[in-house]
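First comes the structure, then the notes that go with it.
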Amino acid sequence: LPYLANANVRWGEFDLADLREMRFEQHELDRYGLKYGDIVMCEGGEPGRCAIWKEQCSSMMIQKALHRIRPHDCLRPEFLFYFFLHKGRTGHLASLFTGSTIKHLPREKLALVEVPLPPRSAQDQIASVLSAYDDLIENNRRRIQLLEQAARLLYKEWFVHLRFPGHEHARIIDGVPEGWEKTTFGDAVENFDRLRIPLSVMEREKRPGSFPYHGAAGILDHLDGFIFEGRFLLVGEDGTVVTQGNTAMLQLVEGKFWVSNHAHVVQGQLVSTEYLFCFMSHYPITGHITGVAQPKLSQRNLNRISMLIPPANLLDMFQDSAEPMFNQIFNLKAVCDRLAKARDLLLPKLMNGEVAV
């Protein structure tokens with residue numbers, strides 16, 4: 001059965017792109033199975049990070065590194081999630097963590113957390129107000145996924161199936177159109193890995209802010225500073241480095257941000273960064289990954305990937321068609337950021353009773 005690991009649990013959402021499966025015995029189904037409304041929380045990594053399971057897919061299980069929290073009828077799951085989000089944002093869970101280098105929130109410590117219990121009507125109102133923001137964020141994320149899919153399909157039609165404009169008159173030699181150049185990923189990009197600065201969870205806790213801190217698979221935190229500014233492609237280096245379909249773990253990002261040492265940072269040189277995103281979305285990366293217990297996509301192996309570069313006029317045509325999609329993607333991401341900030345400003349006021357509902 002599929003199961004959630006620590007990396008699949010984000011704040012308020014689940015990353016289901018890299019699910020693994022394992023065998024579960026019949027007597028383990030109830031202990032490790034999920035039901036609608038369960039809160040799934042990270043025990044390690046970023047302890048306390050959690051999301052509500054709403055049956056995004058069937059027969060989902062969890063591994064031992066996660067807590068499964070199932071509220072009683074007196075407590076609405078959404079209210080409890082926002083309580084944990086508030087405590088996590090304000091650092092009130094940190095006093096319960098164990099471990100010096102790798103932090104953990106063991107079950108017995110989590111059990112000590114005192115949870116407010118307002119009337120169910122007040123819980124419903126608080127959850128409804130905050131959920132309205134998250135529902136808008138989720139709708140925008142779905143639109144982003146559809147736009148990314150449209151861009152990838154356009155790339156696939158032109159450069160995988162070779163049905164680009166004017167392909168009827170192109171001379172194909174050994175499956176490659178005449179005039180295309182053979183190169184490698186390393187020669188087609190500019191790599192900025194040397195500028196990365198990893199920060200431990202403890203270091204990040206001391207520097208809260210508004211700039212995203214990216215790991216291999218997504219945003220891990222928000223800091224008071226940034227390293228990079230602009231539009232970049234992040235490629236997972238270790239840990240979560242492969243998505244379903246055996247393609248690399250990718251993040252196309254724009255703005256001011258920080259990157260850990262778990263993601264390669266590149267920009268296109270011979271092609272656009274958007275083209276790189278589409279190319280890597282279709283490239284089978286498994287053969288370039290080393291390590292079993294800790295999968296790794298080294299910079300050396302990444303640079304060795306073979307690429308075919310279309311002529312400049314065809315690249316320009318693709319960019320003209322795809323760029324409006326990517327511009328809309330980043331506009332929607334900016335809207336999501338503003339909605340999240342507005343929700344986070346309202347969250348403590350609602351939880352502390354400063355704003356009546």
**Prompt:** What are the ³J(HN,Hα) values, in whole Hz, obtained from phi via the Karplus relation 6.51 cos²θ - 1.76 cosθ + 1.60 with θ = phi - 60°, for each residue of the range 307-323 in sequence order, with x given for Gly and Pro?
**Reply:** 9, 10, 9, x, x, 4, 5, 6, 4, 5, 5, 5, 4, 4, 7, 8, 4
**Asked** Which is the longest part of the chain that has none of the trypsin sites (Lys or Arg not before Pro) sitting in a DSSP loop with at most 16 other Cβ atoms within 10 Å?
**Response** 65-162
**Asked** So what are the radius of gyration and Dmax for the Cα set of the range 163-255, in Å?
**Response** 19.0, 61
**the range 230-293 - percent of accessible surface contributed by carbon and sulfur, probe 1.4 Å** = 51
**Asked** Any idea what the dipole of the range 178-290 comes to, in debye rounded to 20, about its Cα centre with Lys/Arg Cβ at +1 and Asp/Glu Cβ at -1?
**Response** 240
**Prompt:** Among Ala322, Ala293, Ala132, which one moves the most in a GNM of the chain with springs linking Cα atoms closer than 10 Å?
**Reply:** Ala293
**Prompt:** Which residues' amide hydrogens lie under 5 Å from the amide hydrogen of Gly209, considering only partners 5 or more residues apart or on another chain, with H built in the peptide plane?
**Reply:** His222, Leu223, Asp224
**Request:** Give me the Debye-computed log₁₀ of I(q)/I(0) at q = 0.22, 0.25 Å⁻¹ for the range 178-218, equal point scatterers on Cα only, no solvent, two decimals.
**Result:** -0.89, -1.01
**Item:** Exceeding the 30 Å Cα-Cα cut-off - candidates Lys54/Lys156; Lys296/Lys341; Lys64/Lys256; Lys87/Lys333
**Value:** Lys54/Lys156; Lys296/Lys341; Lys64/Lys256
**Request:** Kindly write out, for the range 193-209 in residue order, the coupling ³J(HN,Hα) from the Karplus curve 6.51 cos²θ - 1.76 cosθ + 1.60 (θ = phi - 60°), rounded to whole Hz, with x marking Gly and Pro.
**Result:** 4, 5, 8, 5, 9, x, 10, 6, 4, 5, 5, 5, 4, 7, 10, x, x
**At most 14 other Cβ within 10 Å, DSSP loop - GluC sites (Glu not before Pro), the range 154-188** = Glu178
**Message:** If you build the convex hull over the alpha carbons only and average its shadow over all orientations, what do you get for the chain? Give it in nm² to one decimal.
**Reply:** 19.8
**Prompt:** If one takes the longest principal axis of the Cα atoms in the chain, at what angle in degrees, from 0 to 90 and to the nearest 10, does the Cα axis of helix 120-155 lie?
**Reply:** 10
**Asked** Where Lys and Arg each count +1 and Asp and Glu each count -1, what net charge lies around Gln149 among other residues with Cβ under 11 Å from its Cβ?
**Response** +3
**Prompt:** Between Ala293, Ala340, Val259, whose Cα lies farthest towards the positive end of the dipole of the range 231-357 when Lys and Arg beta carbons carry +1 and Asp and Glu beta carbons carry -1, centred on the Cα centre?
**Reply:** Ala293
**Fill in**
For Glu181, the residues 5 or more places away or on another chain with a placed amide H closer than 5 Å to its own amide H are Ile309
**Item:** Relative contact order [Cα under 8 Å, 6+ residues apart], the range 1-50, whole percent
**Value:** 42
**Fill in**
Sequence order, the range 274-290: Karplus ³J(HN,Hα) from phi using 6.51 cos²θ - 1.76 cosθ + 1.60, θ = phi - 60°, Hz rounded, Gly and Pro as x, gives 5, 4, 4, 4, 5, 4, 5, 5, 10, 7, x, 8, 3, x, 9, 9, 10
**Prompt:** What size of dipole, in debye to the nearest 20, comes out for the chain about its Cα centre when the only charges are +1 on Lys and Arg C-beta atoms and -1 on Asp and Glu C-beta atoms?
**Reply:** 740
**Prompt:** Given 4 °C and 1.567 mPa s, how large is the Stokes-Einstein diffusion coefficient of the range 235-357 in µm²/s, with Rh as the Kirkwood radius over Cα pairs?
**Reply:** 75
**Prompt:** Ignoring ligands, DNA and RNA, what accessible area per residue does the chain give at 1.4 Å, in Å²?
**Reply:** 51
**Message:** Please list, by residue number, every one of the chymotrypsin sites (Phe, Trp or Tyr not before Pro) in the range 25-73 that is coil in DSSP and has at most 11 other beta-carbon atoms within 10 Å.
**Reply:** Tyr36
**Message:** Going by amide H atoms built from the backbone, whose H comes under 5 Å of the H on Gly255, apart from near neighbours?
**Reply:** Gly230, Arg231
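The values are calculated or read from the model by the stated rules, or taken from the named source; none is laboratory data. Since this is a predicted model, take the numbers as computed values, not measurements. Counting neighbours? That spans all protein chains shown, and the Cβs are built from the backbone with ideal geometry, glycine included. Note: areas computed on protein heavy atoms with side chains; ligands, DNA, RNA excluded. Shrake-Rupley method; radii C 1.70, N 1.55, O 1.52, S 1.80 Å.
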